[in-house]
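K.L.:
One structure coming up, written as structure tokens, with questions to follow.
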Amino acid sequence: MDTGHGYLILENEEAFVGGWIEVGQNIIRSIEKDMRIPVPEGKYDVTISYRGYMDTRSVEIERNQDTYMDVSDLEETIIR
């Protein structure tokens, strides 16, 4: 079976720049402004961590598509 990839794009991530994003178990990156992460298609748990706090949510990446994940609601949970 042929699989492709799509992209995960964080929205409203400014408060988390310098923190970490983990997509599944194989993609771990430092959060940067306006980042676009190539991810193989499929369903993933995405963990955002910042200063010792973290939150996880699920996302589905589709082939050749951009998937947007708004993290503005995490600012209250993680930063405050």
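The values are calculated or read from the model by the stated rules, or taken from the named source; none is laboratory data. Keep in mind it's a predicted model, so treat the numbers as computed, not measured. FYI the Cβ positions are ideal-geometry reconstructions off the backbone, even for glycines, and counts take in every protein chain you see. Note: accessible area is taken over every heavy atom of the protein model, side chains too, but ligands, DNA and RNA are not part of it. Shrake-Rupley method; radii C 1.70, N 1.55, O 1.52, S 1.80 Å.
K.L.:
For the chain, which whole-number percentage of the solvent-accessible area (1.4 Å probe, protein heavy atoms only) is attributable to carbon and sulfur atoms?
P.N.:
Carbon and sulfur: 42 percent of the exposed surface of the chain.
K.L.:
How do 36, 63, 57 stack up against each other in accessible area, from largest to smallest, with a 1.4 angstrom probe? The partial results should precede the final answer.
P.N.:
On the way: 36 125, 63 100, 57 60 Å².
The ranking, largest first, comes out as 36, 63, 57.
K.L.:
State the percent of C-alpha pairs, over all pairs in the chain, separated by a distance greater than 22 angstrom.
P.N.:
Above the 22 Å cut-off, the chain has 19 percent of its Cα pairs.
K.L.:
Once you list every other residue whose beta carbon is under 10 Å from the beta carbon of residue 56, what net charge do they have if Lys and Arg are +1 and Asp and Glu are -1?
P.N.:
On the way: positive: 57; negative: 22, 45, 55.
Local net charge: -2.
K.L.:
Counting Lys and Arg as +1 and Asp and Glu as -1, what is the net charge of the other residues whose Cβ lies under 13 Å from the Cβ of residue 23?
P.N.:
0
K.L.:
Can you give the accessible area of residue 54 in Å² (nearest 10), computed on protein heavy atoms with a 1.4 Å probe?
P.N.:
130 Å²
K.L.:
Hey, what's the chain come to in accessible area per residue, 1.4 Å probe, Å²?
P.N.:
Solvent-accessible surface per residue comes out at 66 Å².
K.L.:
By how many nm would the segment from residue 51 to residue 35 lengthen if fully extended, with 0.36 nm per residue of separation less the alpha-carbon distance?
P.N.:
Working: separation 16, 0.36 × 16 = 5.76 nm, distance 1.95 nm.
Contour length minus the Cα-Cα distance gives 3.8 nm.
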